[in-house]
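Below: one structure, written as structure tokens.
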Protein chains: 4
Amino acid sequence: MSTTHSETAIIRIHCPDQRGIVARVTDFIHRNNGNIVALDQHTDRDEGRFFMRIEWELHGFGLEKDQIEPAFQFAIATPCKMQWKLHFSGYKARMAIFVSKLSHCLYDILSRYQSGELNVEIPLVISNHKDLEEVVKKFGIQFVHIPITAATKEEQEKKELELLKEHKIDFLVLARYMQVLSQSFVDNYPERVINIHHSFLPAFVGAKPYHAAYERGVKIIGATSHYVTSELDAGPIIEQDVARITHHDSVEKLIQKGRDIEKIVLSRAVMAHIDRKTLVYKNKTILFQ
Amino acid sequence: MSTTHSETAIIRIHCPDQRGIVARVTDFIHRNNGNIVALDQHTDRDEGRFFMRIEWELHGFGLEKDQIEPAFQFAIATPCKMQWKLHFSGYKARMAIFVSKLSHCLYDILSRYQSGELNVEIPLVISNHKDLEEVVKKFGIQFVHIPITAATKEEQEKKELELLKEHKIDFLVLARYMQVLSQSFVDNYPERVINIHHSFLPAFVGAKPYHAAYERGVKIIGATSHYVTSELDAGPIIEQDVARITHHDSVEKLIQKGRDIEKIVLSRAVMAHIDRKTLVYKNKTILFQ
Amino acid sequence: MSTTHSETAIIRIHCPDQRGIVARVTDFIHRNNGNIVALDQHTDRDEGRFFMRIEWELHGFGLEKDQIEPAFQFAIATPCKMQWKLHFSGYKARMAIFVSKLSHCLYDILSRYQSGELNVEIPLVISNHKDLEEVVKKFGIQFVHIPITAATKEEQEKKELELLKEHKIDFLVLARYMQVLSQSFVDNYPERVINIHHSFLPAFVGAKPYHAAYERGVKIIGATSHYVTSELDAGPIIEQDVARITHHDSVEKLIQKGRDIEKIVLSRAVMAHIDRKTLVYKNKTILFQ
Amino acid sequence: MSTTHSETAIIRIHCPDQRGIVARVTDFIHRNNGNIVALDQHTDRDEGRFFMRIEWELHGFGLEKDQIEPAFQFAIATPCKMQWKLHFSGYKARMAIFVSKLSHCLYDILSRYQSGELNVEIPLVISNHKDLEEVVKKFGIQFVHIPITAATKEEQEKKELELLKEHKIDFLVLARYMQVLSQSFVDNYPERVINIHHSFLPAFVGAKPYHAAYERGVKIIGATSHYVTSELDAGPIIEQDVARITHHDSVEKLIQKGRDIEKIVLSRAVMAHIDRKTLVYKNKTILFQ
């Protein structure tokens, strides 16, 4: 169930745990002559909840693309009380990046984008500072400077939302964007704003986590990518990684070592989101294979 | 699909890749009123081969234990050209340990055994040296000293095989056993002899890998657990792990740091084997979840 | 500056940062014909503080063992305003272990002890439960059962302190001891009580950290060994390590995976302490090479 | 001994192990009123060889920059039979990059360069293909296309050497350059050509290491940065790192996961070289702190 070259359909499901779900779902695809290329499922026993991601080739499939949703809803989703989403690999999601002054995460994403690693369109980068304008333009992407102060925040966020709508943006990536988004802003993109926090959450929530890590004298630092929710740094975690440090490392050195973890962790989370491998339930992220 | 307390049945399968296998297998269990507690599958596109491990609760299942094998063979395995194995979690496999002089892997396994971590019986430890006799006896396990020389090897291995048969041993663990088993010996336990090699294979095959790693000036050392085959250190890899070293580390220090990786890697491999989570195909080990 | 077989002297120093300290200390040893086998130093620029560990062979050294302290104090330590400690590798420190019911850390330490990995004497294991009595006795070590309730704590800790004094214990290791030691107890062993906490501190301080990690949905778990101070789980960190988990892992599975990190992290911390490679300053632990 | 803002002098030394070296070297700096900001040393007991890196602030130092070399040579290096090098942090080394078609390592280096992470000048990128010309030009760096065939290799390498000389290049970085440099070419830059090999050396030397890793069924892949010598992939290792893989990962997935390790490992090696923290002795690299 590895790479495939024809277009695929992807369904992500969660529903009350019950007998026979895998049989019903796989049978639906099988009866319509679909060739499954990936299947991963999980049962949360404590919650009594079932989760599944299934991907199959559209080539030769017995249903047209627009027939899949109603057929599956009727035959499987409704009787099994499923919440579910359908995607097609041929659709390139549209992603916007928010940055402030630090370039490492931005470069990491844009260089992957340019070399074709990411199945996505990036029409827009928004920043509250002008520092990274040249970097963004290098990659031929539109850069929009929207400065933010406490006084202008509401109005500027409105401007950002209009821009996002205008560019038909599907999800946002905060690549070390040093502003807290308002609750009403985030509500427009539930489970569709990905942030990188420069600590091993839940340790060192909030500002200056490297300074806090240095003060505490930890022997390992980390970075955490998560979906943004109303509570600061408390959204569902997508990916984390760590690096070993020693007493020799100053705060500046922690910041330097941290950059490499941040950019890799954020890019991995973005790739999982693009490939429709994440599913959020009760503030946790299931990461399908 | 996590822990369960009633007895379970486990089937591991491989067969030519074909449409509808997951549907057929899960439907078989579903129709007989089985509750699946774990399902993991994999398709090797290059080989055109499908692999699956499925585990379900026997409580309430519509077939008796001795009916499962013929029913599954007839309905699924034969038409799908499957090679497959059935196990019941209620059966405690019988495991023998081979050691020489080093105690760290032995202690790690025996302390897990004694604290109930391993669903296994260990009736027997065999050694070509007497050094670890006291350690083994501490744990109330029979220790048999079978010294080996080039001249006596054939005869002594015969004696070992008799002992293993007598104790109804299902599989063997070489816990830093410093003897190469003969081909004919290994043939008695195909994919059932687990070794720990003290290097990151395929680097540093053979004797004295820490000395070789030191000479080469590597920055990371490793350990590898694998099933033993006729070719030295070339069997299917079950588990590997690594540790960072520096130029300060002497060969003695590499040996010391390596011990901790060896014991953890070997124990992880043994636990995967006990839980029927491994499947060997063409000299590679699939490690199910 | 690796292993050496003759007895060595070890000095650990901290003092205000000032020019020429390394020159003065190394010159002191050089002039007395000492052969340095390890030297590691660190300057904390923010604190303006200098730290050093130096180890040299006593064989051929120009001063007798009992002359070193006064000579170094007079020539170097007093003029440089040093705080320092002198140890000899020939002295085996005496260590007591406190346990409750879990055996994995205890086994890991005792098996290293028995195989000669630890340059230490372990005359005594104290527990508030009887569960591990047999394990301890296997290794020929005295086991003392001292149950503790809120009502008896003060009195029982007094009994423990007497036992420790009687056995001339130098430092204590809490190998998953599930009791909080009183402030007055800890005051008897400043920077000499080593604990293992089953989380990646400062995340998940206090009870049931694996449950908390599960609830938060982290992707990596950890363990932390630290010196015990008056504040719970807030003492200077000696060593940490982590393991990757997935959404498949139940709390029970986190506990199981965690055991392997806990035992390795605690043993590494104990070994660093035994080898006099730790130095605490302002609630951080410097870990010399 | 952390970051400092004034210019520093750096000396790297190796010599026969002998008593009093640290005292002599530190005394030399102390007597001339130097403030040491970093000191790291190592003794290889097997080789009887001593290694040291020492860095001190030039501000307030009693010797002029051009006096240091003769003074140190006369007072310390000659009597101690040292091989040694002196550098000043104010000098920006000049680095050339060689690439072929893959952009990930190139992007990682150039984005660090542009954001000021690397204390270096990069006047030139040479490639045997034109694919990355646009990437290089984005960063305002000269791109030179020098195609190579077996027939033209000698002549083209001569052209490259002239370019390197013309640009006063100090050292070269092969950022996934898919050509083997001739012995005579390498001889021009001993210990000054840094390569990234996409395997955990010494496993999988030579071409297509990810394919070989896939074939062998390893559970961990790696990348290795080393100085180039006459023997393929056998030069002194500077840095290595690894990533865990599973049986689900196809060769393409190994290549994708490997890219992230390759770029981080190569950049770390380049940074260590730039900061004069490497020292090669008998085909091993000492990595100072």
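Which one of these is assigned to a helix (DSSP H, G or I), under 27 Å from A:Arg112 (Cα atoms) and acidic (Asp, Glu): A:Glu134, A:Glu157?
A:Glu134
Kindly list, by first and then second residue, each pair from a residue in the range A:207-234 that is closer than 26 Å to A:Asn188 by Cα to a residue that is β-branched (Val, Ile, Thr) and in a loop (DSSP other than H, G, I, E, B), limited to pairs with Cβ atoms under 8 Å and residues at least 6 apart or on different chains.
The qualifying pairs are A:Leu232/A:Val180; A:Leu232/A:Val205; A:Asp233/A:Val205; A:Ala234/A:Val205.
Determine which single condition C:Pro79 fails, assuming it passes every other condition in (1) surrounded by fewer than 20 Cβ atoms within 10 Å (Cβ to Cβ); (2) in the same structural domain as C:Lys282 (by TED's automatic domain parsing).
Result: C:Pro79 passes all but (2).
Tell me which residues, restricted to the range A:185-231, are out of contact with any Ser or Thr (no Cβ under 8 Å at 6 or more places or on another chain), among the small types (Gly, Ala, Ser) and within 21 Å of C:Ala213 (Cα to Cα).
Answer for the range A:185-231, where residues must be out of contact with any Ser or Thr (no Cβ under 8 Å at 6 or more places or on another chain), among the small types (Gly, Ala, Ser) and within 21 Å of C:Ala213 (Cα to Cα): A:Ala203, A:Gly206, A:Ser225, A:Ser230.
Just to be sure, is B:Ala93 more than 14 Å from chain C (Cβ to nearest Cβ), open to solvent by less than 10 Å² (accessible area, probe 1.4 Å) and either touching a residue at least 40 places away in the same chain (Cβ under 8 Å) or within 20 Å of the chain's Cα centre (by Cα) (or both)?
yes
Among the residues of the range C:240-259, write down those that are open to solvent by less than 20 Å² (accessible area, probe 1.4 Å) and in contact (Cβ under 8 Å) with a residue 40 or more places away in the chain. Show your work before the answer.
First, the residues of the range C:240-259 that are open to solvent by less than 20 Å² (accessible area, probe 1.4 Å): C:240, C:245, C:249-251, C:254, C:258.
Result: C:Gln240, C:Val251, C:Leu254, C:Gly258.
Does D:Ile122 count as in a loop (DSSP other than H, G, I, E, B), in the same structural domain as D:Leu181 (by TED's automatic domain parsing) and in contact (Cβ under 8 Å) with a residue 12 or more places away in the chain?
No.
When residues of the range A:27-41 are filtered for being modelled with pLDDT of 95 or more and β-branched (Val, Ile, Thr), how many remain?
Residues flagged as modelled with pLDDT of 95 or more and β-branched (Val, Ile, Thr) within the range A:27-41 amount to 1.
Please return the ranges of helices (runs of 4 or more DSSP H) entirely within the range C:173-289 where 2 or more residues are at pLDDT 95 or above, over 30 Å from A:Val280 (Cβ atoms) and within 12 Å of another protein chain (Cβ to nearest Cβ).
Per the criteria, C:251-274.
Let me spell it out: the conditions are (1) open to solvent by 10 Å² or more (accessible area, probe 1.4 Å); (2) more than 14 Å from chain B (Cβ to nearest Cβ); (3) within 26 Å of B:Asp131 (Cα to Cα), and C:Ser103 meets all of them except one. Which number is the exception?
Here C:Ser103 meets the rest and fails (2).
Just one of the numbered conditions (1) loosely packed, with under 15 Cβ neighbours inside 10 Å; (2) at positive phi is not true of D:Arg176; which one?
If we test D:Arg176 against (1) loosely packed, with under 15 Cβ neighbours inside 10 Å; (2) at positive phi, just (1) comes out false.
Among the residues of the range D:11-46, which ones are open to solvent by 10 Å² or more (accessible area, probe 1.4 Å) and more than 11 Å from chain C (Cβ to nearest Cβ)?
D:Arg12, D:His14, D:Pro16
With the requirement that a residue be within 27 Å of C:Gln256 (Cα to Cα) and in a loop (DSSP other than H, G, I, E, B), what does the range C:90-115 give you?
The answer is C:Ser100, C:Lys101, C:Leu102, C:Ser103, C:Ser115.
Say whether the condition of being surrounded by fewer than 16 Cβ atoms within 10 Å (Cβ to Cβ), among the acidic types (Asp, Glu) and more than 14 Å from every other protein chain (Cβ to nearest Cβ) is met by at least one residue in the range B:56-64.
yes
For the list (1) away from chain C (no Cβ under 13 Å); (2) in contact with a Leu (Cβ under 8 Å, 6 or more places away or on another chain), I need the number of the one condition that D:Pro70 fails.
D:Pro70 satisfies all of (1) away from chain C (no Cβ under 13 Å); (2) in contact with a Leu (Cβ under 8 Å, 6 or more places away or on another chain) except (2).
Does D:Glu134 count as out of contact with any Ser or Thr (no Cβ under 7 Å at 6 or more places or on another chain) and in contact (Cβ under 8 Å) with a residue 60 or more places away in the chain?
no
Please work out which residue is surrounded by the fewest Cβ atoms within 10 Å (Cβ to Cβ), limiting yourself to the range A:108-151 and to residues that are under 20 Å from the mean Cα position of the chain (by Cα) and away from chain D (no Cβ under 14 Å).
A:Pro123
The values are calculated or read from the model by the stated rules, or taken from the named source; none is laboratory data. For clarity, every value in this text was computed on a predicted model and none was experimentally measured. Reconstructed Cβ throughout: ideal geometry from the backbone, glycine too, with neighbour counts over all protein chains shown. For accessibility, only protein heavy atoms count, side chains too; no ligands or nucleic acids. Shrake-Rupley method; radii C 1.70, N 1.55, O 1.52, S 1.80 Å.
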